[in-house]
Amino acid sequence: MNKEGRIIISALITISLVGILLTQIDLNEALSLLFSISPLWLLIGFAFYSLGYLLRSIRFSFLLTGKARVRDLFPIVCVHYLTNNILPARTGELTYIYLVKKLQKIQVSEGISSLTIARFFDFISITFLFILSAFLAEDVPLVVEDTLYYVSIAACLLIAVFVFLVYKSDAFISLPNWVIQKTGLHQFNAIVFIQGKLVETLTNLRVLRSKRLIFHCLWTSALTWLCIYLMTYSILKGLGFNLSIFLVILGSTISVFTNILPIPSIGAFGVYEGAWAVAFISLGVDKEAAIASGFVAHLALLIFSVILGGIGSIKLGYLRR
């Protein structure tokens, strides 16, 4: 499918999902909720969100083994997450790989491996905070307990796969090499190029054999997501919701997971709010309030992304001079 076709499909999915959600709420009340948000809590939320970006920059600096400074990575992270939050199907991830190669002279394979490792630790951190909140929150609904079971299994499987790739990457590399040789695909330059990048990326994953690096990835990732959740908590607090931080983590995690998945929706509109509504309704929030607050929280996140993305773009513009 060509680029125009993908954009049209993404737009149709977005419009359809948003349209369905809007039929479930009173638009006047939703707008009233939007404009009632406390500026102070909004500012606090932005501060937490910005701190999360700084922590991500620190993590990438560790993953790139000091080849790029935190202050140089921060604007790249700002632009990266702006494109990721707007473009459909997680295509914004390519921005990071492109920018670190162009501006920091980091090899494509190293950019891919550092991003892959970052996403792995994101998932582990989200899962840990979700499980911890499920134990600490009061009156957790049955649906959350069921979700906890499946999330735990997924986390264990992902950890097992990563351990295999880090410590047994040679076995994984040998299989595609054998297939390519036996099928004669080695005659095609594109296949050979992709194979080479795959080998380089898997080789770069071996940096996780360092316990020190694992420790740095764990604390930066955990604090990053704690900041993101505190940003969400601040937004809800500013809207007048009196939910504990543990319930906020439980409710917003579902939306976080949908935002991570490559779903063809522009800016994740409709998908994010739908997942948010289902999660918070299950936690006892009124349906209209859950849907409306999902739109407000998502808009706040996008506005924060645009502000930081603009700052990052300006900084990168100076770096290119």
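Please treat every number below as a calculation from the coordinates, not as lab data. The structure presented is a predicted model; accordingly, all values stated were derived computationally and were not measured. When we count neighbours, we look across all protein chains shown, and the Cβ atoms used for this are built from the backbone with ideal geometry, even at glycine.
Of note:
- Packing rank of 177-183, 39-45, 230-236, 242-248, where each peptide gets the mean count of other beta carbons within 10 Å, highest leading: 230-236, 242-248, 39-45, 177-183
- Leading residue at positive end of dipole, the chain (Cβ point charges), from LEU115, ILE159, LEU99: LEU99
- Area projected by the alpha carbon convex hull of region 140-259, averaged over all directions, nm²: 10.7
- Inter-centroid distance (Cα atoms) of region 45-101 relative to region 279-303, Å: 26
- Placing a pseudo-label 7 Å from each Cα along the Cα-to-Cβ vector at LYS67 and LEU132 gives an inter-label distance of 3.2 nm.
- Label zone at ALA160, where the point sits 7 Å out along the Cα-to-Cβ direction: region 180-209 residues whose backbone N lies under 12 Å: none
- Ordered by the count of other Cβ atoms within 10 Å of each Cβ, fewest first, THR147, THR253, THR203 give THR203, THR147, THR253.
- Cα pair distances exceeding 29 angstrom across the chain, given as percent: 43
- Packing-based exposure ordering (other Cβ within 10 Å, fewest first) of SER305, SER255, SER293: SER305, SER255, SER293
- Estimated inter-spin distance, TYR149 and ILE191, nm [label 7 Å along Cα→Cβ]: 4.5
- Contour minus Cα-Cα distance for SER16 and SER244 (0.36 nm per residue): 78.8 nm
- Counted by neighbouring Cβ atoms within 10 Å, the residues LEU308, LEU12, LEU148 run from fewest to most as LEU12, LEU148, LEU308.
- Note on the chain: dipole from Cβ charges, positive end direction compared against PHE74, PHE48, ALA290; the farthest Cα belongs to PHE74.
- Dipole magnitude of the chain, debye to nearest 20 (Cβ charges: Lys/Arg +1, Asp/Glu -1, about Cα centre): 1920
- Along the axis of the charge dipole computed for region 36-320 (Cβ charges of +1 for Lys and Arg, -1 for Asp and Glu, origin at the Cα centre), the listed residues CYS227, VAL199, VAL256 are led at the positive end by VAL199.
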